[in-house]
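Student: Dumping the structure here so I can ask a few things about it.
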Amino acid sequence: MSVTPVGSASAFTARIQRIEISATLAIVNEAEQLRSSGVDLVDFGAGEPHFATPQHIKDAAIDAIHNNFTKYTAVAGTAELRDAIRARHKADFGSDYARDEVIASAGGKHALFNTFQVLVEQGDEVIIPVPYWVSFKDIVQYGGGVPVFVETEESRGFQLTAAMIEQAITPRTKVILLNSPNNPSGAVIAPKEMKAIVEMAADRGIWVVSDECYVYLNYTAEQFSAGSLTRHKDNLVIVGSLSKTYSMTGWRLGYALAPAALARQIQKLQSQSTSNPTSIVQKAAVAALSQSQQCVADMRADYIGLRGRMLAGLGSFGLACHKPEGAFYVYPNVKRYLGRSGLRTSADLARKLLHEGHVVAIPGEAFGTTEHIRMSYATSAGEIDRGLDRLKRFLEAL
Ligand SMILES: Cc1ncc(COP(=O)(O)O)c(C=O)c1O
């Protein structure tokens with residue numbers, strides 16, 4: 001009898017072989033190696049806030065431990081947490097979700113993963129605008145879905161319109177996956193376009209999954225959630241997260257707002273995998289959502305200042321970059337440097353920038369474009385200045 005050798009490709013499922021380890025990880029791992037060998041890096045690579053988690057949120061978690069709130073909870077989160085999630089969303093965006101339409105998960109990524117496991121069947125098409133957050137295509141592919149990419153134009157600030165989406169719809173389209181504000185471009189979908197997309201999807205029986213993990217880091221005049229389109233709730237899933245809003249990336253708390261029938265299926269899946277999000281974190285999340293939102297406003301104001309500093313710096317040495325309207329990334333175009341010093345792709349440029357310029361940036365290939373690098377401005381003003389100085393000298397030397 002022949003035995004499949006452990007570790008050979010055929011020992012593993014087809015579905016796990018459909019996906020790749022996060023494309024941002026390669027450069028992050030290289031950066032880690034350099035750092036551990038004593039190299040001083042400026043890190044624009046991280047996809048997370050630089051702020052500490054606010055004290056009142058940490059205190060709520062500490063209290064939860066002291067009060068022995070350390071047991072299993074309901075799979076979808078406590079009633080207290082689910083009510084806090086929907087009350088916050090209603091107050092901020094005018095949505096209207098019942099408790100059984102709320103599922104708390106271990107991060108927004110987990111909520112997305114669950115949602116796609118429940119919604120897509122082998123061969124179903126999922127429309128994904130480009131540039132896209134690195135995990136979208138793998139989450140879709142793991143569920144058997146087929147990503148259908150819709151290009152946006154840099155010259156128009158990577159703006160997405162309903163007309164662009166409409167062109168990509170086929171009889172196999174099952175889901176339209178939106179992300180506003182967008183990681184990596186920072187583009188915000190105009191509310192009127194978002195409404196048009198949701199209405200078009202409703203007319204055609206297509207789901208819209210709206211990843212709104214950066215919804216509070218929208219620097220335009222109107223902070224908008226597709227969840228406010230209450231007439232179209234039946235085919236809409238809002239994915240939210242406390243990670244960026246409250247600087248809680250490591251705590252792992254996100255959620256899905258979805259019609260009750262879908263929420264029940266997500267709950268079933270979660271009940272057979274992770275069960276409830278960590279009990280202590282749930283108490284911290286209730287504090288985050290229910291107490292003063294001043295910390296959110298303060299962080300947002302800081303990001304706006306840091307964005308200005310980053311853009312002014314890039315502009316001072318002529319690196320082309322559209323103005324992002326949200327999130328905490330800039331996505332400059334590095335095309336004019338490709339072809340120099342043996343650099344063929346933005347991945348080559350990011351690697352050389354890391355090893356020679358000692359600045360961490362993520363190549364656009366991770367997000368579906370080939371001429372950009374993503375740099376996070378969620379860091380101190382001093383680090384932005386230091387990193388920009390290094391970047392300028394690096395580019396000049398090419
Ligand atoms: C667009 C987008 N969605 C979802 C997530 C997931 O965040 P988390 O799982 O920490 O809530 C991220 C994190 O970087 C993101 O950028």
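Student: Does residue 187 qualify as being in a loop (DSSP other than H, G, I, E, B) and crowded, with 22+ Cβ neighbours inside 10 Å?
Tutor: yes
Student: Further, regarding this structure: Please indicate, with yes or no, whether at least one residue in the stretch 102-111 is assigned to a strand (DSSP E or B), under 29 Å from residue 205 (Cβ atoms) and within 17 Å of the chain's Cα centre (by Cα).
Tutor: Yes: one or more hits.
Student: May I pose another question? Give the residues of the stretch 136-174 that are buried (at least 18 other Cβ atoms within 10 Å of the Cβ) and of a type in the set (Gly, Ala, Ser), sorted by residue number.
Tutor: If the condition is that a residue be buried (at least 18 other Cβ atoms within 10 Å of the Cβ) and of a type in the set (Gly, Ala, Ser), then 143, 145, 162 are the ones that fit.
Student: Hey, another quick one. Residues that are part of a helix (DSSP H, G or I), in contact (Cβ under 8 Å) with a residue 60 or more places away in the chain and touching a helix residue (DSSP H, G or I) at 6+ places or on another chain (Cβ under 7 Å): does the stretch 64-78 have at least one?
Tutor: yes
Student: Tally the residues that are touching a residue at least 60 places away in the same chain (Cβ under 8 Å), closer than 17 Å to residue 81 by Cβ, assigned to a loop (DSSP other than H, G, I, E, B) and among the hydroxyl-bearing types (Ser, Thr, Tyr), restricting the search to the stretch 207-262.
Tutor: Summing the residues that are touching a residue at least 60 places away in the same chain (Cβ under 8 Å), closer than 17 Å to residue 81 by Cβ, assigned to a loop (DSSP other than H, G, I, E, B) and among the hydroxyl-bearing types (Ser, Thr, Tyr) in the stretch 207-262 gives 2.
Residues checked against (1) within 16 Å of the ligand (Cβ to nearest atom); (2) polar (S, T, N, Q); (3) crowded, with 19+ Cβ neighbours inside 10 Å:
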site	(1), (2), (3)
74	no, no, no
98	no, no, no
105	yes, yes, yes
108	yes, no, yes
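Student: Can you give me the number of residues within the stretch 112-135 that are within 12 Å of the ligand (Cβ to nearest atom), open to solvent by 10 Å² or more (accessible area, probe 1.4 Å) and in a helix (DSSP H, G or I)?
Tutor: Residues flagged as within 12 Å of the ligand (Cβ to nearest atom), open to solvent by 10 Å² or more (accessible area, probe 1.4 Å) and in a helix (DSSP H, G or I) within the stretch 112-135 amount to 1.
Student: Based on this model, can you work out whether residue 279 counts as open to solvent by less than 40 Å² (accessible area, probe 1.4 Å) and in contact (Cβ under 8 Å) with a residue 60 or more places away in the chain?
Tutor: Taking the combined requirement at face value, the residue satisfies it.
Student: Determine whether residue 193 is within 17 Å of residue 159 (Cβ to Cβ) and at pLDDT below 95.
Tutor: Numbers: within 17 Å of residue 159 (Cβ to Cβ): yes; at pLDDT below 95: no.
So residue 193 does not fit the description; no.
Student: Quick one: what pairs do we get from the stretch 367-381, first residue among the polar types (S, T, N, Q), second crowded, with 24+ Cβ neighbours inside 10 Å and part of a strand (DSSP E or B), C-beta under 6 Å, 6+ apart or different chains?
Tutor: 376/329
Student: Please specify each residue of the stretch 377-398 satisfying the condition of being within 18 Å of residue 339 (Cα to Cα), part of a loop (DSSP other than H, G, I, E, B) and open to solvent by less than 50 Å² (accessible area, probe 1.4 Å).
Tutor: Answer for the stretch 377-398, where residues must be within 18 Å of residue 339 (Cα to Cα), part of a loop (DSSP other than H, G, I, E, B) and open to solvent by less than 50 Å² (accessible area, probe 1.4 Å): just 398.
Student: Might you check whether a residue that is within 20 Å of the chain's Cα centre (by Cα) and surrounded by fewer than 17 Cβ atoms within 10 Å (Cβ to Cβ) occurs anywhere in the stretch 250-265?
Tutor: yes
Student: Among the numbered criteria (1) open to solvent by 10 Å² or more (accessible area, probe 1.4 Å); (2) closer than 21 Å to residue 140 by Cα, which single criterion is violated by residue 195?
Tutor: (2)
Student: Still on this structure, please answer the following. Condition first: modelled with pLDDT of 95 or more, within 11 Å of the ligand (Cβ to nearest atom) and touching a Pro at 6+ places or on another chain (Cβ under 9 Å). Can you find one or more residues in the stretch 227-243 that meet it?
Tutor: For the stretch 227-243, residues modelled with pLDDT of 95 or more, within 11 Å of the ligand (Cβ to nearest atom) and touching a Pro at 6+ places or on another chain (Cβ under 9 Å): present.
Student: Starting from the stretch 167-184, keep only residues that are in a strand (DSSP E or B), then list their pairs with residues that are aromatic (Phe, Trp, Tyr) and within 16 Å of the ligand (Cβ to nearest atom) whose Cβ atoms are within a distance under 9 Å, requiring at least 6 positions of separation or different chains.
Tutor: Listed pairs, sorted by first residue: 175/116; 177/116; 177/132; 177/136; 179/132; 179/133; 179/136; 179/214.
The values are calculated or read from the model by the stated rules, or taken from the named source; none is laboratory data. No experiment lies behind these values; they were computed from the predicted model shown. As a convention, Cβ positions derive from the backbone with ideal geometry for all residues, glycine included, and neighbour counts pool all protein chains shown. Areas reflect the complete protein model, heavy atoms only, side chains present, ligands, DNA and RNA absent. Shrake-Rupley method; radii C 1.70, N 1.55, O 1.52, S 1.80 Å.
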